[in-house]
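The values are calculated or read from the model by the stated rules, or taken from the named source; none is laboratory data. In this text the structure is predicted, and so the values were computed from the model without any measurement. Positions of Cβ are generated from backbone atoms using ideal geometry, with glycine treated the same way; all protein chains shown enter the neighbour counts.
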Amino acid sequence: CEMGSSVEQSILVTGGAGFIGTHTVVQLLKEGFKVSIIDNLDNSVIEAVERVRELVGPDLSKKLDFTEGDLRNKGDIEKLFSKQRFDAVIHFAGLKAVGESVVNPRRYFDNNLVGTINLYETMAKYNCKMMVFSSSATVYGQPEKIPCMEDFELKAMNPYGRTKLFLEEIAKDIQRAESEWRIVLLRYFNPVGAHESGRIGEDPKGIPNNLMPYIQQVAVGRLPELNVYGTDYPTKDGSAVRDYIHVMDLADGHIAALRKLFDDPKIGCTAYNLGTGRGTSVLEMVTAFEKASGKKIPIKLCARRPGDATEVYASTEKAEKELGWKAKYGVDEMCRDQWNWANNNPWGYQKKP
Ligand code: NAD
Ligand code: WQD
């Protein structure tokens, strides 16, 4: 991981064809980084990468390369490192469906843990020792206090959450053993929204698990109504509260984390929350989306979803102070941009079936 001040910095982005990856790659290219994506397209499509190219234009597009490859195959990672030098890795690649992880934990441990260990091994071999890792607010479990602070005790509620918890511990152990590693663990709260162009956005396969993609599909008529899980929580309106964060703010958070890695030799292995610090209830989110889209979102009031926390939001102080990063967008902008994406691409990256 040479600093290379006069040379252009080169970043490997695993999972760069996915939701958060595509938005981050756009910002990286605009900031002058060279970017290589490795993605096995398990939960994404090549069209998303083509749209990234279109968004940044032909000149910046030349600084982006894409490799279809799987982190579970060390050879796929090795091929990239043997061809070129990387200054740092942003590691998004992973499976993230909580429900699926409960049914098929082996798939989650294999993909998320084995994939990441292969990545560390190859990075070490080529002496690239800077990483930004996608962690999640899921590591706070059901927080006893809010806002969530980075030094809270961590616990996982399901196999997916356990992969994030284990991978945070693995990162800490690796850095403790070899002090030259610099690793930033970014704990995302609830990423939503889309690029303002409406050309890239989230496109989950099958029926969405998460709130905003579900609302979006109701708004475009793909689903009849939204199930609101839980109306008896001790919150302002009885529905659960989360810290939704615009994906473009999240993307900028990765740039801030990279700069921190390059500039701070004492960073070690450090965790930061990426959230807005504000809580929004499910019903407030529905209202905000209706306002942004002009569409009525029919709702059905349902029982709580097992395993859900009542109220989760981030303390943003540490990221503000140490990364110099703060979310710019509120819920209205998140809904505006999510609707713009939905309205222009009601079937996501696919053609209408
Ligand atoms: P995503 O599924 O859209 O993107 C992940 C990408 O990784 C996909 O393109 C997928 O094809 C790829 N991938 C998965 N396993 C791979 C492997 N073994 N080899 C190569 N590529 C592989 O998900 P996202 O929302 O962009 O999330 C990115 C990261 O952020 C994930 O690690 C996720 O766990 C984490 N995260 C996401 C959220 C969220 O709500 N979206 C919240 C917190 C943390
Ligand atoms: C938000 C709220 C639901 C769908 C998950 C993962 C977490 C992280 C982010 C990766 C909850 C309610 C939802 C619906 C609803 N991902 N809801 N009807 O559960 O906060 O976090 O995504 O790391 O690990 O667990 O997000 O969007 O699923 O739910 O009422 O159809 O919306 O009950 O209160 P969650 P979510």
Filter the range 274-295 down to residues that are within 12 Å of ligand 2 (Cβ to nearest atom) and among the aliphatic types (A, V, I, L, M) and give me whichever is surrounded by the most Cβ atoms within 10 Å (Cβ to Cβ).
-> Leu274
Given (1) touching a residue at least 60 places away in the same chain (Cβ under 8 Å); (2) β-branched (Val, Ile, Thr); (3) crowded, with 17+ Cβ neighbours inside 10 Å, number of the condition Thr310 does not satisfy = (3)
Tell me, yes or no, whether the range 47-66 has at least one residue that is in contact with a Lys or Arg (Cβ under 9 Å, 6 or more places away or on another chain), polar (S, T, N, Q) and touching a residue at least 40 places away in the same chain (Cβ under 8 Å).
-> no
Give the residues of the range 84-117 that are assigned to a loop (DSSP other than H, G, I, E, B) and either in contact with a strand residue (DSSP E or B) (Cβ under 6 Å, 6 or more places away or on another chain) or within 14 Å of ligand 2 (Cβ to nearest atom) (or both), sorted by residue number.
-> Phe86, Asp87, Phe92, Ala93, Gly94, Leu95, Lys96, Ala97
Would a scan of the range 188-202 turn up a residue that is surrounded by fewer than 22 Cβ atoms within 10 Å (Cβ to Cβ), farther than 22 Å from Asn340 by Cβ and either small (Gly, Ala, Ser) or more than 9 Å from ligand 2 (Cβ to nearest atom) (or both)?
-> no
Are any of the residues in the range 232-254 away from ligand 2 (no atom under 16 Å from the Cβ) and β-branched (Val, Ile, Thr)?
-> no
Just a yes or no: is a residue in the range 259-268 under 26 Å from Gly99 (Cα atoms), hydrophobic (A, V, I, L, M, F, W, C) and surrounded by 14 or more Cβ atoms within 10 Å (Cβ to Cβ)?
-> no
Quick one: which of Glu150, Glu144, Glu169, Glu121 is surrounded by fewer than 22 Cβ atoms within 10 Å (Cβ to Cβ) and either at pLDDT below 95 or part of a strand (DSSP E or B) (or both)?
-> Glu144
